[in-house]
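Accompanying notes for the structure given below.
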Amino acid sequence: MIKIEKRNDVSQSIYFLTPILAIFLTLFGGGIIFYILGFNPIEALKFFFITPISDLYGLSELLVKATPLCLIAIGLSFCFKSNNWNIGAEGQLIFGGIVGGGVALLFYNHDGFYVLPIIILSGAIGGMLFAMIPAILKTYFNTNEILVSLMLVYVAKLLLDYLVVGPWSNPEGFNFPETRQFSESARMPILFDGLRIHAGIFITLITVFLSWLILYKTYLGFQIKVSGLSLKTAKYAGYKGKTMIIIVFMISGACAGLAGVGEITGPIGQLHRNISPDYGFTAIIVAFLGRLNPVGIIFASLIVALTYLGAETAQIFLQVPKYTGQVFQGMILFFLLGSDYLLFFKIKFLGLKKNEL
Amino acid sequence: MNTKLKVSEISKIYPGCIANDKVSLEFGSGKIYALLGENGAGKSTLVKILSGVVKPDSGEVFLNNESIKLNSPLDAKKNNIGMVFQHFNLFETLSVFENLSIDSDNKDEDLRVLVNDILKKYNFKIDLDIPVLNLSAGQKQKVEIIRCLIRNPKVLIMDEPTSVLTEQETDDLFISLKQFSKDGILIIYITHKLKEVLSLCDEVAVMRKGKVVSVSNTINEKIESLANKMVGENLNTIKKKINNFKDSEEILKVSNLNFKSDDPYETNLKDLNLSLKKGECLGIAGISGNGQNELFQILSGEIITEGTSIMFRNKEIGKLNPRERREYLMAFSPEDRISQAAVPELKIYENVALNNFKSSNFFEKGLVNEKKIKEHSKKILSNFSVNTDNVELKSQFLSGGNLQKLIIGRELITSPELLVCFNPTWGLDVGAINYIHETLIQINEQGKSSILISTDNDELLKLSDRICVIYKGKLSKIMNADTVTAEKLGILMGGGSID
């Protein structure tokens, strides 16, 4: 017989150390997979995790990928902390991209310092509005936000598809499914010549700081924390539950929208079908790997961004499909959830007695 | 047929507590035995050992001088030990008969004959073919008892059987139990109610902190002597001085309040009317599940009603949420102290911040003022004798009594004009209960009012100035406490009427 018991006290330091354990287990698991595939595991892991960031360009690419991941994950942490399961950040990212991109197209032959801020703002608002759909349906019609937010991802994706193929497609683009290139003043400033790292990283860093401030130092943050731990208590304390659900979704959607607009005005420069390699979904892993803590999320976003880069190098040098990146992301989540389970519960093996049969 | 049950040197140790410490007891058929003790004295552990739910670390159980192994509830059944738990194990949507046939080996026709015989013999009146959910608590308990009787038990263990019953149902139960005893069934009756021990049982074993401290004939005992054995200290009994509030100012008025819930498991409230004077304590009795939860939420503002239906100090507050009501100097202590009144994962000072009234300045301009909250928390810890001064401690490490002191302290330190509390002492030990009771009396003496919703009649009779009963969402007439007896309450709680 096996018995599972809840542990009463889990030390805070171990709680923040288990993600690191999960990462090591992932490396170990990855090594085994590479070994089975016939590669030298150490070499392969080196290609995956060291080679991509061994030069300046690699480091810049790491930050380019980590920027949206971190931003989305920070937004999601507001939702997850208060027990609102927003799974549709990918949709909010795309919708933010659509709105921001639409504005950018409007200004395609305009120049001026005001263009970029307007685009960024409209992208954030786009994501925010899109996230309010599941929030309002949840608060007023008792729908399940997991399903609604997830299904809206496909709505956003198909809408983007329609727009880039149809009304917004580049009139001089030979019917390629993409829009015009945005004008120079609609693009995120590049930080260093020859590297793709752009000013979006500052938006992310400012958001991280603001989030920390809100979550840990304000009344709103306190209310989010209490609601996440016990909705009954939040009700008893007189917190406005419905308003709060909407607020956390708005914050989360705005962050995803910002990430979307950061991508299209940053590295991409136009709208096309694939503006995000599932950043919105991967950010869920980032949020949990970072323990929903702003600083933790920064580190987590760097690590998960590395799996994107590693997958690309591995594809080139080892001829393995780039989806190995997703395998690694999956393993991180698996080992994190697994070690969390053992962290919060202990498993007791009791001998099987004859007379129990 | 004579049955002898003997437990010998039974010990069971849980991390951090010795639940049973070398417990030895002997029982013989034809008598009713009481096992008396406070919450946490070790009664339940012993009973769980006898019913095979828990295995002892050491010690043996003998039935008719033969050592028996009780590794599972099945073993207990095989040895004809029957058990009626405090919480019923019945399928609500199945009929009574279906519930009985589930764990019976008899054929349905035989079973029906058997059950009808039992019903006749003990004069139980239960329709076998209606769903269990339509039965009262007393009837459900009878179904559980019949379930044991089908197996011809030698031993019948009753774990706090009266906690859900009215006085009348309790009397009925006692008559049945005495009959079982005459028929040769050994009955072990677990309780912490002293009166029941004296009126029902022949012998009483008192447990305290895992040990048996005394075994005696009930003829030689009195309520006071048993209480002292149970608690281990001489208790000074509190009794409130009942005042006359005719000329005092009216502070709360609830008029024609109705509440209809969307949730079928909640109770609708019908046409509630009550008023409360300054310095008065209004007790609301009732068996749990008759609308107390909903009433508490309506008073606290978790459920919002029409503005005019609740007037507090001449202001309409029906539409205000709990936080807004606190600004008008109301305070609330809910029944569920572990998952509602406080959050176990939060630190003490964070739990204190849940009561965020405007003048507290806990959150200035939307920012947390940790220093202020901590100072305020320290004051609560010392004023309300919580046994820690560490405001950074997570509240899950406080005992029930200390947690309740913290909650009551948090609510009272703002000097509210009205405190609404719901079962403020459930599950607490006698020391903590006394402290809470003294505190509640004290606030009345200071001219503050209170509403006490409780399922504990002794507590209500001790603390209230006026009492009424809630039954199926309706309030009875409000009576002066000095004219109310436990018996009267029992009748009203069971839906009966008195003149």
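Computed from the coordinates by the stated procedures, all read-outs in this text should not be read as laboratory data. These figures come from a predicted structure and were not determined experimentally. Here the Cβ is made from the backbone with ideal geometry for all residues, glycine too, and neighbour counts use every protein chain on show.
Given a Förster distance of 30 angstrom, what is the FRET efficiency for B:D482 paired with B:I175, based on the Cβ-Cβ distance and rounded to 0.05? Mind showing how you got there, number by number?
Details: r = 31 Å, r/R0 = 1.02.
Using R0 = 30 Å, I get an efficiency of 0.45.
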DSSP beta bridges in the protein assembly as shown: the antiparallel percent, rounded to 5, is 60 percent
Label point distance in nm, B:T93-A:F349, each placed 7 Å from Cα along Cα→Cβ: 4.0 nm
Expected integer from the mean partner chain Cβ neighbour count at 10 Å over A:207-220 is 2
Reach of B:K107 by Cα under 24 Å, taken over lysines that are not fewer than 8 positions away in the same chain: B:K77, B:K78, B:K120, B:K121, B:K125, B:K140, B:K142, B:K154
With 10 angstrom as the radius, rank A:T282, B:T439 by how many other C-beta atoms surround their C-beta, starting from the fewest. B:T439, A:T282
Which whole-number percent gives the relative contact order of segment B:4-231, counting Cα pairs below 8 Å spaced six or more residues apart? 29 percent
What residue among A:N40, A:N84, A:N293 has the largest mean-square fluctuation in a Gaussian network model of chain A, using Cα springs under 10 Å? A:N40
Of B:S476, B:S67, how do they rank once you tally other Cβ atoms within 10 Å and put the fewest first? B:S67, B:S476
Give the order of B:C148, A:C79 when sorted by the count of other beta carbons within 10 angstrom, beginning with the fewest. B:C148, A:C79
Return the single residue from A:G241, A:G112, A:G96 with maximal mean-square fluctuation; model: Gaussian network over chain A, springs between Cα atoms under 10 Å. A:G112
Rounded to a whole number, the mean other protein chain Cβ count within 10 angstrom for residues of A:237-243 is 5
Around A:Q92, with a cut-off of 14 angstrom between Cβ atoms, what is the net charge of the other residues, counting Lys and Arg +1 and Asp and Glu -1? -3
Going by Cα centres, segment B:155-228 and segment A:1-47 are how many Å apart? 57 Å
Expressed as a whole number, the average count of other chain Cβ atoms within 10 Å around the Cβ atoms of B:354-363 is 3
If you average the C-alpha positions of segment A:88-154 and of segment A:164-201 separately, how far apart do those two centres end up, in angstrom? 18 Å
The distance between the Cα centres of segment A:228-257 and segment B:465-499, in whole Å, is 42 Å
Once a ≥ b ≥ c are taken as the square roots of the eigenvalues of the Cα gyration tensor of chain B, is the result rounded (a/c under 1.5), prolate (a/b larger than b/c) or oblate (a/b not larger than b/c)? prolate
In whole percent, what relative contact order does segment A:124-278 give with Cα contacts below 8 Å and a gap of six or more residues? 39 percent
Normalised Cα Rg of segment B:4-231, dividing by 2.2 N^0.38 Å with N its residue count, works out at 1.01
So in chain B, what percent of DSSP beta bridges are antiparallel if you round to the nearest 5? 55 percent
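Let me check against my output: what whole-number percent is the relative contact order of chain B, with C-alpha pairs under 8 Å and at least 6 apart?
Relative contact order comes out at 15 percent.
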Name the residue, out of A:G30, A:G194, A:G123, whose mean-square fluctuation peaks in a Gaussian network model built on chain A with Cα pairs under 10 Å. A:G194
Can you give the alpha-carbon Rg of the protein assembly as shown over 2.2 N^0.38 Å, where N counts its residues? 1.17
